[in-house]
1. Collect the residues in region 23-46 that are open to solvent by less than 90 Å² (accessible area, probe 1.4 Å) and in contact (Cβ under 8 Å) with a residue 60 or more places away in the chain, keeping them in residue-number order.
2. Test Gly10 against the stated conditions and say whether it is exposed (fewer than 14 other Cβ atoms within 10 Å of the Cβ), modelled with pLDDT of 95 or more and within 19 Å of Glu160 (Cα to Cα).
3. Out of (1) farther than 30 Å from Thr155 by Cβ; (2) open to solvent by 70 Å² or more (accessible area, probe 1.4 Å); (3) modelled with pLDDT of 85 or more, the odd one out for Phe66 is which?
4. If you check Ala145 against the conditions, is it touching a residue at least 40 places away in the same chain (Cβ under 8 Å) and open to solvent by less than 60 Å² (accessible area, probe 1.4 Å)?
5. Which condition breaks for Pro105 when tested against (1) more than 16 Å from Val139 (Cβ to Cβ); (2) open to solvent by 70 Å² or more (accessible area, probe 1.4 Å); (3) in contact (Cβ under 8 Å) with a residue 24 or more places away in the chain?
6. Name, by its number, the condition in (1) under 30 Å from Ile104 (Cα atoms); (2) among the polar types (S, T, N, Q); (3) surrounded by fewer than 18 Cβ atoms within 10 Å (Cβ to Cβ) that does not hold for Thr135.
7. Where in region 112-195 are the helices (runs of 4 or more DSSP H), entirely inside, with at least 1 residues that are within 18 Å of Ala89 (Cα to Cα) and modelled with pLDDT under 90?
8. Just one of (1) closer than 27 Å to Ala182 by Cβ; (2) over 11 Å from the mean Cα position of the chain (by Cα) trips up Val31, so point out which.
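The values are calculated or read from the model by the stated rules, or taken from the named source; none is laboratory data. Please read all numbers here as calculations on a predicted model, not as lab measurements. Note that each Cβ is placed from the backbone with ideal geometry, even for glycine, and that neighbours are counted across all protein chains shown. Accessible surface areas use protein heavy atoms only, side chains included; no ligands, DNA or RNA. Shrake-Rupley method; radii C 1.70, N 1.55, O 1.52, S 1.80 Å.
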Amino acid sequence: MFLQIASGIGMTLLITTASLAIGAVLALPLVAARRSTITPLRVTATIYIDVVRAIPPITWLFLIYFGLPQYALRLDSVSASILGFSVIASAYMAETYRAGLLSIPRGQWEAATALGMRFLPATRHIITPQAFKVTLPAVAAYAIALLKDSALASTIGVHEITYQAGLVSKSSHQGLLAFSIAGLLYIALSVPLALAARRVDRTLRQKLEVA
C-alpha cells in the first residue's frame with residue numbers, strides 16, 4: 001500500500017517544480033508590465049493577475065484539459081496540469097516580486113544612480129539581493145501551497161500521490177489509511193522545503209548585515 005502511494009511522489013514533484021519554475025519566469029515580464037509607466041501595459045498586467053487569481057485552480061485545470069480540445073489543442077493530463085499551475089503561479093509570483101521591489105527604499109535606487117551605476121547592474125547587485133531576501137518566505141510558502149494544490153491534478157488523471165491513494169482506497173477499502181499515508185507524504189515533502197527556506201533566509205540576512 002505505502003509503496004504504491006509513494007510511487008506518486010515523482011509526479012507530484014515534477015508538477016510542482018516545473019510549474020513553479022515556469023511561473024517564476026513568466027512572472028518577470030508580468031511584474032515589469034505591472035510597474036510600467038505605460039498605462040495599457042500596466043492595466044493589462046493588472047487584469048491578467050486579478051483574473052487568474054480569482055479563478056479556482058481546479059477550474060483552470062478543467063478549462064485547459066477539457067476546454068482546449070474543442071479548439072484542436074489537446075494536451076495530456078500532465079502537460080495540462082503543468083500549464084494550468086504555471087499560469088496560476090505566474091500571477092502569484094508576479095505579485096510577490098512586486099511586493100519585494102516595493103519594500104526596497106527609493107533611496108537605494110538613488111544611491112546606485114549617484115554612484116554612476118546603470119539600471120541593470122544596480123538591479124542585479126543592489127536591489128535584487130534585498131528583494132530576494134524579502135520575497136523568499138512568500139515564495140517558499142507559495143511553493144508549499146503549490147505542492148498541496150498539485151493534488152488537484154488527480155481529478156484529470158495525473159498519477160500523483162492523491163491519485164495513487166484513491167486507487168489503493170478503492171482496491172483495499174481502507175480509505176482512511178490510504179489518505180492518511182498520502183497526507184503524511186505531503187508533510188514529509190513540505191517540511192524540508194520550509195526548513196531549507198528558513199536556513200537560506202537566515203544566511204541571506206547575515207550576509208546583508210555584514211555588508
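1. Gly23, Ala24, Leu26, Ala27, Leu30, Val31, Arg34
2. On the way: exposed (fewer than 14 other Cβ atoms within 10 Å of the Cβ): yes; modelled with pLDDT of 95 or more: yes; within 19 Å of Glu160 (Cα to Cα): yes.
Against the criterion (exposed (fewer than 14 other Cβ atoms within 10 Å of the Cβ), modelled with pLDDT of 95 or more and within 19 Å of Glu160 (Cα to Cα)), Gly10 qualifies.
3. Against the list (1) farther than 30 Å from Thr155 by Cβ; (2) open to solvent by 70 Å² or more (accessible area, probe 1.4 Å); (3) modelled with pLDDT of 85 or more, Phe66 comes up short only on (1).
4. Numbers: touching a residue at least 40 places away in the same chain (Cβ under 8 Å): no; open to solvent by less than 60 Å² (accessible area, probe 1.4 Å): yes.
Criteria not met by Ala145.
5. Of (1) more than 16 Å from Val139 (Cβ to Cβ); (2) open to solvent by 70 Å² or more (accessible area, probe 1.4 Å); (3) in contact (Cβ under 8 Å) with a residue 24 or more places away in the chain, only one is false for Pro105: (3).
6. Just one mismatch for Thr135, condition (3).
7. Numbers: elements: 119-122, 128-149, 161-172.
The helices (runs of 4 or more DSSP H) meeting that bar are 128-149.
8. If we test Val31 against (1) closer than 27 Å to Ala182 by Cβ; (2) over 11 Å from the mean Cα position of the chain (by Cα), just (1) comes out false.
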